[in-house]
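Scroll down for the structure; my scribbles are underneath it.
Coordinate-derived values only; no laboratory data. From a predicted model like this one, the values you see are computed outputs, not experimental measurements. Virtual Cβ from ideal backbone geometry, glycine too; neighbours counted across all protein chains shown.
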Amino acid sequence: MSNKVLGIDLGTTNSAVAIIEDGQPHIIPVGGERLLPSVVGLDPEGGLLVGRHAYNQWGVSAERTVRSVKRLMGSGKNVEMAGTTYTPQEISAFILRRLREAAAAYLGEDVQRAVITVPAYFNEPQRQATIEAGEIAGLQVERILNEPTAAALAYGYGRESGGQPLRVLVYDLGGGTFDVSIIELDGEIVDVIATAGNNHLGGDDFDQRLADLLADEFERDHKIDLRQNHQAWARLFRAAEEAKIELSSVPYATVNLEYIASDKKGRPLHIQREIQREEFEGLISDLLDGTLDAIDQALTDANLEAGDLDRVLLVGGSTRIPAVWSLITEHLEREPHSEIDPDAAVALGAAVQAGIVGGEEIDAILVDVTPFSLGIETATFRGGRIKDDHFVPLIRRNTAVPVQKSEMFNTIFPGQQAIHVKVYQGESSVASQNVLLGDFMFDELKPNRSDGLTEVTVNFQLDINGILNVTVIDRAGRKQVSEQMKASRQRLSPEDIAQSQAKLSLTYADADETDEDEVVFDPGVHALLERAAKVLADPDVDPELAGDISDVMIAIREAAQEGDDEAVEERCDELIDLLFEAEE
Ligand code: AMP
């Protein structure tokens with residue numbers, strides 16, 4: 001028998017299995033996919049379906065299919081599938097067995113030991129039921145691990161021995177459940193201090209809101225309620241989920257459903273509807289706002305304030321919705337970490353725990369991230385004047401690469417025929433204080449709005465080598481212009497990311513303040529600061545030196561703000577020496 005141990009995330013919507021290889025946790029693909037839908041079914045011939053096939057069958061024969069069985073674990077209730085009764089443990093065991101088979105196929109040997117994760121709020125019967133499911137699937141369950149702890153382990157927290165205890169808030173928004181946990185990690189000791197959430201909130205509800213909107217519109221136009229037809233509703237629901245996922249990276253998505261119903265004369269009816277990201281976010285905003293109450297509840301229960309937290313982690317597929325990131329950043333006044341694939345983080349952390357159980361050497365997980373935000377300069381009309389030089393990031397710093405993001409922008413004058421697209425890298429809200437990566441003209445615009453303005457989509461595609469492809473598209477004019485440029489790239493461990501975040505937030509908080517209360521520098525000082533900003537943008541600069549440079553830059557700003565010319569001069573000399581060292 002293999003001495004390897006699997007890490008398994010047995011989720012409500014999706015499950016995943018991971019293992020340590022070469023000191024790093026890796027997701028094992030199941031049927032070519034990273035996630036296995038937690039759905040089990042029997043086909044009309046009685047054949048067992050697990051995962052994607054069962055998920056597809058749910059649309060056409062729900063009575064032969066079981067979803068979300070995790071909600072019933074430990075409840076003593078059973079489920080019916082194709083007329084036969086099963087315990088939740090048995091259904092879960094089908095899922096676990098499929099994961100075990102995928103691992104055996106991938107590793108070329110059968111693995112019979114596993115660490116399985118459960119929500120922090122699971123009680124003893126629920127944990128016991130999970131162990132039993134593992135046993136039914138032929139697995140020896142070495143450890144039941146709390147999901148938020150697994151997420152923290154994936155980020156490398158909690159494996160350091162000694163040091164200060166770390167307080168981590170894990171915000172986990174999946175397909176069907178939402179929970180917030182606050183954990184305290186002190187070396188090997190992990191305490192879940194508080195949990196809050198809603199067992200019936202997640203991506204499914206967002207799909208439902210969108211599907212309901214489309215069904216309401218269809219009913220208004222055709223007097224047919226698609227919710228009454230199981231198959232049509234299942235198609236609509238699935239299309240809503242696809243559109244929702246698309247809207248996390250592009251500003252609009254189209255739901256196209258042909259032959260969704262037929263009218264009284266038997267003529268086919270279709271749905272073709274464009275949804276804008278803002279419209280979708282409006283549909284779910286009350287649900288997202290509700291998640292903030294759970295954060296506050298968990299903080300109150302833990303007797304902590306937001307400022308007492310050391311880290312905030314985002315876990316679960318639904319945290320990819322951009323509005324989630326912004327809401328949490330605003331509410332907790334700090335940027336959460338989401339560098340590790342949010343729907344793989346729990347399985348990866350389970351694999352880390354499994355590796356520890358199996359006595360493996362584990363290195364820190366390395367993630368490829370973009371160390372600076374990437375965006376464009378925009379202008380706005382304010383008080384009858386044009387205010388330009390405003391920086392709008394499309395890809396935020398510390399986003400895992402490769403990544404693709406699009407946003408919609410519009411021209412500022414009716415009849416405007418060209419746009420100057422200027423692409424910057426940096427964190428200042430003032431575009432020119434960042435590093436200009438490149439610029440190009442987009443002309444021959446045709447107005448596509450009733451007010452004479454033109455909407456264009458700007459798409460940023462950043463690959464693993466830091467190559468940024470910027471594409472501007474005017475849908476009305478059917479015109480598209482692409483440019484390629486090189487962004488800085490860095491490979492960081494989560495510790496490096498945390499360190500540079502702390503450093504950057506200090507620098508940029510300061511820079512943003514100066515935006516309000518602008519400091520006017522002597523041109524020589526200004527040029528020196530620009531030179532320093534360029535050095536900081538270089539990924540090869542020694543991190544310690546970069547820290548010193550950024551500290552001196554802050555000191556120069558402070559001295560200039562206080563009007564202390566002598567201190568400015570002294571600090572500038574220091575900066576010149578440091579730049580000399582860095583540019584050598
Ligand atoms: P999990 O339970 O963590 O696997 O999360 C599954 C949920 O995440 C489902 O509702 C998915 O539709 C949702 N999801 C996955 N990817 C995205 C995305 N890019 N944007 C929005 N929701 C997503």
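Some observations on this one:
- FRET efficiency estimate (nearest 0.05) - Cβ-Cβ, Leu292 to Glu569, R0 41 angstrom: 0.30
- Within the stretch 413-466, the GluC sites (Glu not before Pro) that combine a DSSP coil assignment with at most 15 other C-beta atoms in a 10 angstrom radius are Glu444.
- Neighbour cut-off at most 10 other Cβ (10 Å), DSSP loop, GluC sites (Glu not before Pro), the stretch 324-421: Glu333, Glu361
- Peptides ranked, highest mean first, by Cβ atoms within 10 Å: ranges 343-356, 245-258, 70-83: 343-356, 245-258, 70-83
- Listed residues Tyr252, Asn229, Ser262: farthest to the positive end of the dipole of the stretch 203-283 (Cβ charges): Ser262
- Cα shape, the stretch 172-294, gyration tensor, a/c 1.5 rule: prolate
- Packing order of peptides 113-124, 460-471, highest average first: 113-124, 460-471 (average count of other Cβ atoms within 10 Å over each peptide's residues).
- For the stretch 27-125, the residue among Leu42, Gln57, Leu72 whose Cα projects farthest onto the positive side of the dipole built from Cβ charges is Leu72.
- Note on Lys422: lysines with a C-alpha under 16 Å away, same-chain residues under 8 apart excluded, are Lys387, Lys486.
- Straight-line reach from Lys265: taking Cα to Cα under 18 Å and skipping same-chain neighbours fewer than 8 places apart, the aspartates and glutamates in range are Glu219, Asp221, Asp225.
- In the stretch 100-151, GluC sites (Glu not before Pro) in a DSSP loop with at most 15 other beta-carbon atoms within 10 Å: Glu109
- Cα gyration tensor shape for the stretch 366-493, rounded if a/c is under 1.5, else prolate or oblate: prolate
- With a Förster radius of 22 Å applied to the beta-carbon distance between Glu558 and His526, the computed FRET efficiency rounds to 0.90.
- Placing unit charges on the Cβ atoms only, positive for Lys and Arg and negative for Asp and Glu, gives the chain a dipole magnitude near 3940 debye about its Cα centre.
- Taking a ≥ b ≥ c as the square roots of the eigenvalues of the alpha-carbon gyration tensor, the chain is classed oblate because a/c is 1.5 or more while a/b is no larger than b/c.
- Taking every Cα-Cα distance in the stretch 131-215 and sorting them into 5 Å bins from zero, the calculated P(r) comes out as 3, 13, 17, 15, 15, 16, 10, 6, 4, 2, 1, 0 percent.
- Phi angles of the stretch 406-422 translate, via the Karplus equation with coefficients 6.51, -1.76, 1.60 and θ = phi - 60°, into HN-Hα couplings of 10, 9, 9, 10, 10, 5, 9, 10, x, x, 4, 9, 9, 10, 9, 8, 10 Hz per residue; Gly and Pro are given as x.
- Between helix 543-561 and the chain there is an angle of about 50 degrees, using the helix long axis and the longest principal axis of the Cα atoms.
- Each part reduced to its alpha carbon centroid, the stretch 434-478 and the stretch 191-227 end up 33 Å apart.
- Beta bridges from DSSP with both residues in the stretch 366-493: antiparallel share about 100 percent, rounded to the nearest 5.
- Helical mean residue ellipticity (222 nm; -39500 (n - 2.57) per DSSP H run of 4+; nearest 500) of the chain: -12000 deg cm²/dmol
- Rounded to 10°, Cα long-axis angle of helix 203-222 versus longest principal axis of the chain: 80
- Amide H to amide H distances under 5 Å link Gly197 with Val180, where only residues 5 or more positions off or on other chains count and H is placed in the peptide plane.
- Stretching the chain fully between Ile464 and Leu48 yields a gain of 145.8 nm (0.36 nm per residue, less the alpha carbon separation).
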